[in-house]
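Engineer: Structure incoming, see below.
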């Protein structure tokens, strides 16, 4: 879905939908209260958020996997595989699976990690985690599993975008929240705030996170050479993510001349018609390059990939000592 504009403020439409948010609240409370989480034989780290739409969970999940591997662990990432048709449990193989099979984010993670970190998809998180353990995982990383109560978590991390925050602070459908902020924070062991290199953490967010372990994370290009293709060129950018403006802001912060943008709904499946339209619009605007996100690029047919580039990104810890300390109890290292 495309992120509704009315989620940004508490206007008429948001207020009109508040009664439906009440039903959503009751459903989320009952789901947590009636659950009986299963305890696994290996630690489970959950990376999630409180809002619908992208907040930066995927690059953080991959960065945590790299940090754990450097500590001598063998983490496997388990995802629901949103948007994919396979039920799982299934280990993602970029050479055999498409985004249509396993979902765009799991396929993107598998490509980004070059299979150094196994990625699993499973509609049933318990079955997915057990399959990963059978395959040798000694730590499970749950990608976007914060509201899923089926597994007992040993460490729960909330990811929040410094600029977007919690938008209007209301529950779905009148706002983006999957659950009330105070409820989510009670279950969180730490909060990671995604921000730009020179920004400080939003004061309003700092007040909300009082008493919680908080660290900032910076999202940077994973491949600096790709930026050389953007120098002195007008760039047409498009994205089908929760908050496309985040991608455009990233390009702008890299001094890229973005001449035009085109938004698509989150997890959008691109048709040839969509892509031909993009090529036509870029030509009309005199763009010298067309860029999108990694998540979008994995869904583009090969015949269009020569004309479209993507910006690979990675998460960089603002405070590596904090991360190492947070993980030390699970890794047995100091």
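Engineer: Out of everything in the stretch 160-203 that is out of contact with any strand residue (DSSP E or B) (no Cβ under 9 Å at 6 or more places or on another chain) and in a helix (DSSP H, G or I), what residue ends up being farthest from residue 19 (Cα to Cα)?
Structural biologist: Among residues in the stretch 160-203 that are out of contact with any strand residue (DSSP E or B) (no Cβ under 9 Å at 6 or more places or on another chain) and in a helix (DSSP H, G or I), the one farthest from residue 19 (Cα to Cα) is 203.
Engineer: Specify which of the listed residues (79, 55) is modelled with pLDDT under 90 and under 18 Å from the mean Cα position of the chain (by Cα).
Structural biologist: Only one candidate passes the filter, namely 55.
Engineer: So which residues in the stretch 29-41 are closer than 23 Å to residue 159 by Cα and in contact with a strand residue (DSSP E or B) (Cβ under 8 Å, 6 or more places away or on another chain)?
Structural biologist: 37, the sole residue that qualifies.
Engineer: Name the single residue, out of those in the stretch 305-327 being touching a helix residue (DSSP H, G or I) at 6+ places or on another chain (Cβ under 6 Å) and closer than 20 Å to residue 95 by Cβ, that is modelled with the lowest pLDDT.
Structural biologist: 312
Here's the yes/no breakdown for (1) buried (at least 18 other Cβ atoms within 10 Å of the Cβ); (2) within 24 Å of the chain's Cα centre (by Cα); (3) over 24 Å from residue 94 (Cα atoms):
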| position | (1), (2), (3) |
| --- | --- |
| 238 | yes, yes, no |
| 241 | yes, yes, no |
| 261 | no, yes, yes |
| 276 | no, no, yes |
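Engineer: Moving on. Please list, ordered by residue number, the helices (runs of 4 or more DSSP H) wholly in the stretch 34-119 having 2 or more residues that are within 28 Å of residue 195 (Cα to Cα) and not assigned by TED's automatic domain parsing to the domain that holds residue 151.
Structural biologist: Of the helices (runs of 4 or more DSSP H) lying wholly inside the stretch 34-119, those with at least 2 residues that are within 28 Å of residue 195 (Cα to Cα) and not assigned by TED's automatic domain parsing to the domain that holds residue 151 span 104-112.
Engineer: Same structure again: (1) more than 16 Å from residue 185 (Cα to Cα); (2) surrounded by 14 or more Cβ atoms within 10 Å (Cβ to Cβ); (3) touching a helix residue (DSSP H, G or I) at 6+ places or on another chain (Cβ under 8 Å): which one isn't true of residue 41, the others all being true?
Structural biologist: Exception for residue 41: condition (2).
Engineer: Still on this structure, I have one more. Please list, ordered by first then second residue, the pairs with beta carbon atoms under 6 Å, 6 or more apart or interchain, first in the stretch 259-273 and more than 18 Å from residue 298 (Cβ to Cβ) and not assigned by TED's automatic domain parsing to the domain that holds residue 291, second surrounded by 13 or more Cβ atoms within 10 Å (Cβ to Cβ) and modelled with pLDDT of 95 or more.
Structural biologist: Matching pairs, first to second residue: none at all.
Engineer: Still on this model: Checking residue 125 against (1) closer than 15 Å to residue 45 by Cα; (2) free of Cβ contacts under 8 Å to residues at least 60 places away in the same chain; (3) surrounded by fewer than 18 Cβ atoms within 10 Å (Cβ to Cβ), which single condition isn't satisfied?
Structural biologist: Here residue 125 clears every test but (3).
Engineer: Right, here's the next one. Would it be correct to say that residue 132 is in a helix (DSSP H, G or I), modelled with pLDDT of 95 or more and touching a strand residue (DSSP E or B) at 6+ places or on another chain (Cβ under 8 Å)?
Structural biologist: yes
The values are calculated or read from the model by the stated rules, or taken from the named source; none is laboratory data. Quick caveat: nothing in here was measured; it's all calculated off a predicted structure. Counting neighbours? That spans all protein chains shown, and the Cβs are built from the backbone with ideal geometry, glycine included.
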